[in-house]
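The values are calculated or read from the model by the stated rules, or taken from the named source; none is laboratory data. What you see is a predicted model, and the numbers here were worked out from it, not measured in a lab. Heads up, the Cβs are rebuilt from the backbone with ideal geometry, glycines too, and the neighbour counts pull from every protein chain shown. When the accessible area is computed, the model is the full protein with side chains, heavy atoms only, and any ligands, DNA or RNA have been set aside. Shrake-Rupley method; radii C 1.70, N 1.55, O 1.52, S 1.80 Å.
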Amino acid sequence: MNDYMENTGVFFPPKVKRHLRAFYPYLEKQTTSTHALEHRASEAPHPIKLATIKTWIKTCESTHENHCVNSEARIFGKPVWLIDVVNSCVVPAGANPYFALSYTWGAAECTSLTRSNLSDLQKPASLSAVKLARTVKDAINLTARLGYQYLWVDKLCIVQDDLDEKMAQIHAMRAVYAGAYLTIVAAQGSDASVPIYSSLVNEEDCEPICVQRANPRKHEGLQLFDSRCDQDENGKVEENTAEEASSFSDVEKTLTGIFKEDFETTFIKKRGEVDEIIGGMAWEDDPYSDCGSPPDYGNVDELKTALSQFGPETWQSLISEGIMQRLAVELTQSTWFSRGWTFQEYIFSPRRLVFHSNTVNWDCHCASWHENQRHITSEACYGGKNSILGIDTNSWPNVYRLVRLICLFNVRFLTRQEDVLDAFEGPLQSFGAVFDGGFISGLPQMFFDAALLWQPYAPLTRRTPFETVPATESILPSWSWVGWQGNLHSESWLACFDYIITESGWSGGIIPSSTHSTVKWQLSTTSNSRKTPIIVSADVFRKKYSSPSKSDSNRPERLPDGWSGSYDYYNYKCPKAFQPFGNPFHETRQPFKQPLPTMNAKSKVKPSIRAGFLHGHTRTATLKITNLLSGIPSVRHGCVTAALGYSDKLFAGYLRLNEDSNTVKTQIGDSCTLIELSSGLLQDEGDENYSQTLDWEGGDSFTHIKSFFNVMWVEWRDGVAYRKAVGRVEESVWRAVFSREIDVVLG
């Protein structure tokens, strides 16, 4: 129906951009209600219906097959302790199925599990005699009322003063939430002192939900339908007749309430914020197009006119989707959604029961339903569940998906800034299973040179640790994004993607630059601790395998194990169409320019490497800032670009500053101490020369720079260099001006 409306030019409710939908709660899921016109539940406090929640659970179990279960979670870790909600005590976790709680702690007071009270809290009824926060009490009560026995809550299921156990559980956090049967999301208030719900009402007091299978034959024998539903003999819900259908005046009233207020104000505003976080990239189908272009929203009057041409099924579908989009916006505005720790808790949970705005909603891998939805259609979602503990990952190192998660996470807040790597450890472990070498302070080791070139989307705030935190526990390096909080420019990571090809070349005419190692970096935890070499394996493989000529004497006789294809990849002459280096063992149709190191996506991954310092032998030079560029189309989104000059050459390079035009302190004429990071090349396709550079590449003033050196503007403190900005200098200029070679320590 939506395709028909689009193809006929009919306006329909504004949707979230395709590349952003996966990051909003409830969206990209089955929401269709095909039986009756529905309304959003009351925004005033009201009793929550246990029957509704039980039906959601049963429907998910019965119709979503294995899409909402992570059977492999225990391979990667598991809880140590659980709350027995029936006996009101703490018990060893074992293999018991359990619920998990995701919440914000804030200033609430609550008993914690410690070594001193561990023995006492294992006694039956012991939790009834200690102080528990209201959110925790409500989660315990809800778990019991739904007929389940075990609940995981971090405060009571991790021994807080056992540092070894605490760190082990932090590193197992993705498995804890991925292995939960259901996660209770308590987003109702600002901290754990706020109730999750006002009250719970028993089953006999509720109107039952009617569940319609999208494919009845697929689930023969399941009795999910209530007798009050209008069904035919095949179990299909009968559609309303024209006389029974809601009048368009009712639809008009509902749509106006849903769309006018929320989509023209709140939702559009919030979408703009996420567009900025993501950097406007249409990741999935077109990773380099639609950069920052504003959507066309239309208006409610046009919507009413358009919908009057269609029947009740269209109205109902749009209203159901509109309700879920409105609820998605409200959840993103909650304190819970703004906190760093809750990011991985949500994305790894296969089933979520979400409480916010005085309502409750269901959100699982396949579907999302709102509290007032009395008729739902349900089936297993299309396609296999290609995920590692909840994150939709590939079996090859897909930097697209990694970067968009980093960008979304990095705008969130942490009470203790040094927790940033712990709070993002789950995603790093998931992607680390297919990224050779894992991650070094949040940057992929196999693409380390290119990853060092990340840029701010808007001015970032430097993260600083608590004064009492030891240096070994405070890993907030200036050279990694983990050392900064705020909006990152996702497109600035494109140099990490130069191993991918498409049938028609890079889409949208935007050709990313390639990055080549010139510095052999080493890492260390502290400035004087043991150093470990960094292996940029993607660069190693590129030099060895990337399309050598047939006469090249250095051409390797065979490809790495698990790879097949032709070096002459533009002819696509290989066993698998359009896969010049397709890896048959990893079941991907993504074509590559070169082989990459392969890993087992289901193998257990070591914790990511935490390094505070980089050591390298590099070259340095001093250039002057000759201009400050901002507010022009090719230099967008807030940060000022500084032109670098040498002698009479005014545009020899650029730096993207961590400053905007309103707060810029850097001045024309300032000298910049630069160090070399790597070399680069703005790639052309075939014989065509592209005259376009992107905003983080300096914009239109620097289209002449095709080959360059990537540089970092540093400031020195106690013999250690710290990042101020990153940019490029034209190759010929850099070779002319670099004054000396130095050993540098980056902090």
Note to self: Among the residues of the stretch 703-747, what is the count of those that are out of contact with any strand residue (DSSP E or B) (no Cβ under 9 Å at 6 or more places or on another chain) and not in a loop (DSSP other than H, G, I, E, B)?
What the structure shows: 1
Checklist line | Index of the failed condition, P47 passing every other in (1) open to solvent by 30 Å² or more (accessible area, probe 1.4 Å); (2) in contact with a Ser or Thr (Cβ under 8 Å, 6 or more places away or on another chain); (3) modelled with pLDDT under 90 | finding: (3)
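Any chance you could count how many residues in the stretch 440-462 are in contact (Cβ under 8 Å) with a residue 24 or more places away in the chain and part of a strand (DSSP E or B)? Spell out how you get there, then give the answer.
Within the stretch 440-462, the subset in contact (Cβ under 8 Å) with a residue 24 or more places away in the chain is 440-461.
Keeping just the survivors that are part of a strand (DSSP E or B) gives 440, 443-444, 455-456, 461.
Within the stretch 440-462, residues that are in contact (Cβ under 8 Å) with a residue 24 or more places away in the chain and part of a strand (DSSP E or B) number 6.
Determine whether the stretch 577-586 contains at least one residue that is at pLDDT 50 or above and not charged (D, E, K, R). Don't jump to the end; show me each part of the working.
As a first pass, look at the stretch 577-586 and keep what is at pLDDT 50 or above: none.
No, that holds for no residue.
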Next item on the list: Give the stretch 357-382 a look and list any residue that's part of a strand (DSSP E or B) and in contact with an Asp or Glu (Cβ under 6 Å, 6 or more places away or on another chain), or say none.
Entry: T359, V360
Notebook entry, point to check: Restricting the search to the stretch 72-93, which residues are assigned to a loop (DSSP other than H, G, I, E, B), farther than 27 Å from F413 by Cβ and either touching a Phe, Trp or Tyr at 6+ places or on another chain (Cβ under 9 Å) or not hydroxyl-bearing (S, T, Y) (or both)?
Noted result: E72, K78, V80, V85, V86, N87, A93
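Per-residue answers, yes or no, for (1) in contact with a helix residue (DSSP H, G or I) (Cβ under 9 Å, 6 or more places away or on another chain); (2) modelled with pLDDT of 65 or more; (3) open to solvent by less than 50 Å² (accessible area, probe 1.4 Å):
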| residue | (1), (2), (3) |
| --- | --- |
| M5 | yes, no, yes |
| Y26 | yes, yes, yes |
| E38 | yes, no, yes |
| S42 | no, yes, no |
| V69 | yes, yes, no |
| R74 | yes, yes, no |
| V80 | yes, yes, no |
| I83 | yes, yes, yes |
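Taking the residues in the stretch 430-467 that are polar (S, T, N, Q) and open to solvent by 10 Å² or more (accessible area, probe 1.4 Å) as candidates, determine which candidate is modelled with the lowest pLDDT.
Step one: of the stretch 430-467, the residues polar (S, T, N, Q) are 430, 441, 445, 455, 461, 464.
Filter again for open to solvent by 10 Å² or more (accessible area, probe 1.4 Å), leaving 445, 461, 464.
Numbers: Q445: 96, T461: 95, T464: 92.
Here the residue is T464.
Just for the stretch 109-125: of the residues that are out of contact with any Ser or Thr (no Cβ under 7 Å at 6 or more places or on another chain) and part of a helix (DSSP H, G or I), which one is surrounded by the most Cβ atoms within 10 Å (Cβ to Cβ)? Spell out the reasoning first.
Of the residues in the stretch 109-125, the ones out of contact with any Ser or Thr (no Cβ under 7 Å at 6 or more places or on another chain) are 109-119, 121-123.
After this cut, where a residue has to be part of a helix (DSSP H, G or I) as well, the list is 118-119, 121.
Values: L118: 13, S119: 10, L121: 21.
Checked the stretch 109-125; the qualifying residue surrounded by the most Cβ atoms within 10 Å (Cβ to Cβ) is L121.
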Item checked: Per-region count, the stretch 94-108, residues touching a residue at least 40 places away in the same chain (Cβ under 8 Å), out of contact with any Asp or Glu (no Cβ under 7 Å at 6 or more places or on another chain) and either open to solvent by 10 Å² or more (accessible area, probe 1.4 Å) or not in a strand (DSSP E or B) (or both) -> 4
Notebook entry, point to check: Taking the condition in a strand (DSSP E or B) and either of a type in the set (K, R) or in contact with an Asp or Glu (Cβ under 7 Å, 6 or more places away or on another chain) (or both), does V159 pass?
Noted result: no
Check: For K58, which of the numbered conditions (1) modelled with pLDDT under 85; (2) in the same structural domain as L327 (by the TED database) fails to hold?
Finding: (1)
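Out of the residues in the stretch 126-168 that are hydroxyl-bearing (S, T, Y) and open to solvent by 50 Å² or more (accessible area, probe 1.4 Å), which is nearest to P92 (Cα to Cα)?
Filtering first and then ranking leaves Y148.
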Next item on the list: Give just the number: which of (1) open to solvent by less than 30 Å² (accessible area, probe 1.4 Å); (2) outside any strand (DSSP E or B); (3) in contact with a Pro (Cβ under 9 Å, 6 or more places away or on another chain); (4) at pLDDT 90 or above does L327 not satisfy?
Entry: (4)
Margin query: Taking the criterion of being acidic (D, E) and surrounded by fewer than 22 Cβ atoms within 10 Å (Cβ to Cβ), would at least one residue in the stretch 476-491 satisfy it?
Written below: no
Check: In the stretch 197-205, is there at least one residue being under 30 Å from T332 (Cα atoms), out of contact with any Leu (no Cβ under 9 Å at 6 or more places or on another chain) and modelled with pLDDT of 50 or more?
Finding: yes
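Do we find a residue being of a type in the set (G, A, S), at negative phi and modelled with pLDDT of 90 or more anywhere in the stretch 603-614?
The answer is yes, given that some residue of the stretch 603-614 is of a type in the set (G, A, S), at negative phi and modelled with pLDDT of 90 or more.
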